[in-house]
Amino acid sequence: MGPVSFSSMLANGCRIFSAPAALVRTLALTHVALSEHSNSCRHVKVAWFSRSSNKRKSARQSLKQDVSQPTAVSSANGYPEYTRLLPCPSDNGPPRIEHLVVSEGGPVLEYICKVLDLPLQFVADLIHFGAVYYALGCPWPPPTATLEQMRVFKEVTAPSVLKDRASIKGKTVREAQKTFCITNPDQFVETGTYLRVHVHPKCFPRCYEIDWKSRIVAVTDEFVVLDKPAGTTVRGTTDNTLGLTTPLKVTTPLMTTHQIDNCTEGCVVLARTKEYCSVFHGKIREEKGKKHYLALGAAPVPIGTITHYMRPINLAPRLISEDFMERWSLCQLEVMECKEVPWPSSVVEQKYCVEDCGWPSKEYAYECKINLLTGRTHQVRAQLAALGAPIVGDSMYMPAAVGEMASPGRNPFGKYKKHYTHVTDKEVAIEEWSAQHGKEPGVAIGLQACQISWDDGKYTFEAGAPWWRCN
């Protein structure tokens, strides 16, 4: 059976919208987050849009004025006063996501300003950040929707209304509900369009504090290699697609070819073209690239190949086992050398915002050079912690390692794991072990992607000295 089109569903009088479960969960969670800040949160929110040509003209003129002058507005519903997003604010705001249904077509910038009572420049910055999305078809509201919101939803998705919308004719439900990022503040949004506005997009203020020119390792027509500092991100997020585009002051967005954690520093390769991004992804899949890391462990690590198996659940902390587990992912790294070095001084730790994670002895640390044989999320961090040598400053994995040292057997997948007679007992042990882990580090840990190479060494790039060697 082929895909069902909107037109055929209208003809049969069927319900035309059914949001994917993930979207429903997202909307429901958003409702919970918003309810903490305001009792008037709305998921399907409608306000009449004025077609006044004078207002549109004045709005466009305001947008073209000097953006350096902030526009303050009065606080409403407990939210802060909004001025500008750029330059990047120093703190992330509380969760606020607005779900709107366009009641009358017009430019998206003006519509959002009118409905949410936000300054023009603030909304323009949201669009620049990549924090505004649209879909031609409105998803089904969550169970928390009010009767009025359901009434509005049924009104804008009524067959008699949808049949006149040429933009969705011939499209399947999934196609019509697919969201796209709005990049142009003048983009026209027609009546019935769904909008999702991330009013408080995640910001990365540290990205704007870095002298990025000094961190550029290499530049070609196809890629840029950066020595990324810890505490910065190389990729955008759902509500901030810019990543390093703005702080690097490049006109064309750079594309992520591989990932390293925000708390990790070192070499990253960013593609300048879609074609090379695809090429580099292929090299990674075909294992034509090599990554070497420097890791500052809290205890010595044996030389040689270390093997673990990682639980196939895309959530932190990443749990690993020394024993083979069916359907768990193979994790392998080669420790090439391990040498004793002084533990970073309190001055250095403070300078790089390294967290004190409760390690009992801070006289010596151990710098390990590692050849990464498989590339799993948090792999080096999780494997070294499982060996009893967590990375200095790793507030997620070090607390669990300290707990295992104090009471061997807490780790249900570790060397001193217990034998569980009942499945429920092991499930409880796994939950308790997960809870032993802390939060993701805020800035730096003792981990650096010190070298990256591909095409049999034709391209080889190295990072500078790691932070723990700097006085």
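Check cross-link reach from LYS171 to the aspartates and glutamates: straight Cα distance under 19 Å, and skip same-chain residues fewer than eight apart.
Of all the aspartates and glutamates, those that pass the test against LYS171 - Cα under 19 Å, at least 8 places apart if same chain - are GLU190.
For segment 96-200, restrict the atom set to alpha-carbon positions and state the Rg and Dmax in Å.
13.5, 38
Under 1.5 on a/c is rounded, so check that first for segment 100-161, then, if it is not, pick prolate when a/b is larger than b/c and oblate when it is not; a ≥ b ≥ c are the square roots of the alpha carbon gyration tensor eigenvalues.
Prolate, since a/c reaches 1.5 and a/b exceeds b/c.
Past 29 Å, Cα to Cα, is the threshold; run LYS290/LYS339; LYS163/LYS274; LYS418/LYS439 against it and keep the listed order.
Long pairs (Cα-Cα over 29 Å): LYS163/LYS274.
About its Cα centre, how strong a charge dipole does segment 327-417 have in debye, to the nearest 20, once Lys and Arg get +1 and Asp and Glu get -1 at the Cβ?
Numbers: 10 positive and 10 negative charges, 91 e Å.
About 440 debye.
How large is Rg/Rh for segment 338-471, to two decimals, with Cα atoms and a Kirkwood Rh?
Looking at segment 338-471, the ratio lands at 1.03.
If I compute solvent accessible area with a 1.4 Å probe over the protein chains, what percent of it on segment 96-200 is carbon and sulfur?
Whole-percent figure for carbon plus sulfur exposure: 56.
Kirkwood hydrodynamic radius for segment 204-470: how many Å is it when counted over pairs of different Cα atoms?
19.4
For MET396, MET325, MET336, what's the largest-to-smallest order of accessible area, 1.4 Å probe?
The residues order as MET336, MET325, MET396, largest area first.
Could you order peptides 456-464, 375-383 by the average number of other Cβ atoms within 10 Å of their residues, highest first? Working shown, then result.
Working: 456-464: 13.9, 375-383: 21.6.
Highest to lowest by the protection proxy: 375-383, 456-464.
With charges set only on the Cβ (+1 for Lys and Arg, -1 for Asp and Glu), what does the dipole of segment 96-200 come to about its Cα centre, in debye to the nearest 20?
The calculation lands at about 480 debye.
Net charge near LYS178: determine it from the other residues with C-beta under 14 Å of the C-beta of LYS178, scoring Lys and Arg +1 and Asp and Glu -1.
Neighbour charge sum, excluding LYS178 itself: +2.
Please calculate how many Å² of accessible area segment 204-470 carries per residue, with a 1.4 Å probe and no DNA, RNA or ligand atoms counted.
49
If you average the C-alpha positions of segment 359-418 and of segment 155-192 separately, how far apart do those two centres end up, in angstrom?
Between the Cα centre of segment 359-418 and that of segment 155-192, the gap is 50 Å.
Suppose every K and R has +1 on its Cβ and every D and E has -1 on its Cβ; what is the size of the dipole of segment 357-471 about the Cα centre, in Debye to the nearest 20?
180
Are there GluC sites (Glu not before Pro) in segment 110-202 that DSSP marks as loop and that have at most 16 other Cβ atoms within 10 Å, and which are they?
Values: sites: GLU110, GLU148, GLU155, GLU175, GLU190; in loops: GLU190.
Qualifying residues, ordered by number: GLU190.
From the mean inverse distance of alpha carbon pairs (Kirkwood) and the Cα radius of gyration, derive Rg over Rh for segment 320-417.
Computed over Cα atoms, the ratio is 0.98.
The values are calculated or read from the model by the stated rules, or taken from the named source; none is laboratory data. Given the structure is predicted, the values throughout are model-derived calculations rather than measurements. Using ideal geometry, Cβ is built from the backbone for each residue, glycine included, and neighbour counts are taken over all protein chains shown. The area values use the complete protein model at the heavy-atom level, side chains included, leaving out ligands, DNA and RNA. Shrake-Rupley method; radii C 1.70, N 1.55, O 1.52, S 1.80 Å.
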